[in-house]
């Protein structure tokens, strides 16, 4: 997740020019990031001449929750894959 330091942003638009998803707009002379559109590529941070755009640290608890979700989703994918393979074997047997 990226954030804009308003005290450093000059509103030059360098970040908006390089954002591949159009997630950044200028609002009142300051860059604003639409987090729902941001893919975290950090092209904007590299383009900013003032270093006003930085990655926010994600709390460990949020990372842990994501890890738990990932493990759950991987198990679901394995289960669905087994079910699909069984259905395919059954279909071929007919």
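Bear in mind these aren't lab numbers, they're just calculated from the coordinates by the rules spelled out. This one's a predicted model, so the numbers in the text were calculated from it and none came from an experiment. We place every Cβ from the backbone using ideal geometry, glycine too, and count neighbours over all the protein chains shown.
Extents of the chain, taken as max minus min of Cα coordinates on every principal axis and listed largest first, are 68, 30, 20 Å. Stretched out straight at 0.36 nm per residue, the stretch from residue 69 to residue 86 would grow longer than its current Cα-Cα span by 3.5 nm. Residue order for 16, 81, fewest other beta carbons within 10 angstrom first, comes to 81, 16. For residue 42 and residue 79, what is the calculated FRET efficiency with R₀ set at 41 Å and r taken between the beta-carbons, to the nearest 0.05? The pair residue 42/residue 79 has a calculated efficiency of 0.70.
Going from the residue with the fewest nearby Cβ atoms within 10 Å to the one with the most, 56, 50 rank 56, 50.
Quick one: P(r) of the range 2-55 from all Cα-Cα pairs, 5 Å bins, percents rounded to integers, in order of increasing distance. Reading the bins upward from 0: 4, 26, 39, 24, 7. How far is helix 60-93 tilted, in degrees, relative to the longest principal axis of the Cα atoms in the chain, given as a value from 0 to 90 rounded to the nearest 10? Roughly 40 degrees, rounded to the nearest 10. Inter-part distance, the range 3-53 to the range 64-94, computed on C-alpha centroids, equals 39 Å.
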